[in-house]
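Trainee: Structure below; questions to follow.
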Amino acid sequence: MKKPAPSDPAARPAKPPRQSPQPSDKEIASTRAQLRLFMLLLLATLLGASFPLPWKVLGIVFGLAALTVGIIALVGLVRQKAPTLSRISTTIGLVASLFLTMGTGAAVLLWPVTAQYEECMATALTSKAQRQCEEDLRNLGGLLDPR
C-alpha cells in the first residue's frame, strides 16, 4: 500500500477549532470594578468642568484619569468578548470624557478670558448683562474684536 503524499489534504489530520480561554471570575470582577471607577471619574470630570477657576483644573485631572481607566476597561471588555452594548457604551463614555477634558483644557489655557467671563457672569444681574458677558467670551475678551 502506498503512503499518501504530505501535500495531500486527506493525509493531514484535521486541526480542532481554536477555543479562546474563558475569562476567569477574577478578570470579570476586575473589569467591573474598572467600569465603576470609570463612571465615577466621568461624573467627577463633568462636575469639575463646571467648577470656577482654579478648581476647573480638577476637571482636567479627573478627565485624564477617566480616559486612562476607560481605555483599560474597554480593553478588558474586548478581551472578555463582553456584550456589544457594554463596549459601545464604554466607547461613548470615553468620547464624552475626551470632549469634556479638551473643553476644560481650553478654558484653563484661556485662563484670563475664563476668569473675566466668570467674574462678569457673577455680577450680571440682568439678561442683557449676561448676553454682554457671553458676547465678550465669544470675542475671547477682546482678542477677536476688530475695533
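What follows is calculated from the coordinates using simple rules that are stated; it is not laboratory data. Small disclaimer: the values here were computed from a predicted structure and weren't measured. Neighbour counts are summed over all protein chains in view; Cβ atoms, including those assigned to glycine, are modelled from backbone coordinates with ideal geometry.
Trainee: By counting other Cβ atoms within 10 Å of each Cβ, how are ILE88, ILE60 ranked from fewest to most?
Mentor: With the fewest neighbours first, ILE88, ILE60 line up as ILE88, ILE60.
Trainee: Which FRET efficiency value, to the nearest 0.05, is calculated for ARG87 and LEU125 with the Förster distance at 35 angstrom and r the Cβ-Cβ distance?
Mentor: Details: r = 48 Å, r/R0 = 1.38.
Efficiency, rounded to the nearest 0.05: 0.10.
Trainee: Name all residues of segment 51-81 having a backbone nitrogen under 13 Å from the label point set 7 Å from the Cα of GLU27 along its Cα→Cβ direction, giving them as ranges.
Mentor: It comes to 75-81, nothing else.
Trainee: Between ARG138 and THR68, with labels modelled 7 Å along Cα→Cβ, what's the label distance in nm to one decimal, could you check?
Mentor: It is 3.9 nm.
Trainee: Per residue, what volume in Å³ does the Cα convex hull of segment 50-141 take up?
Mentor: Per-residue hull volume (Cα only) is 100 Å³.
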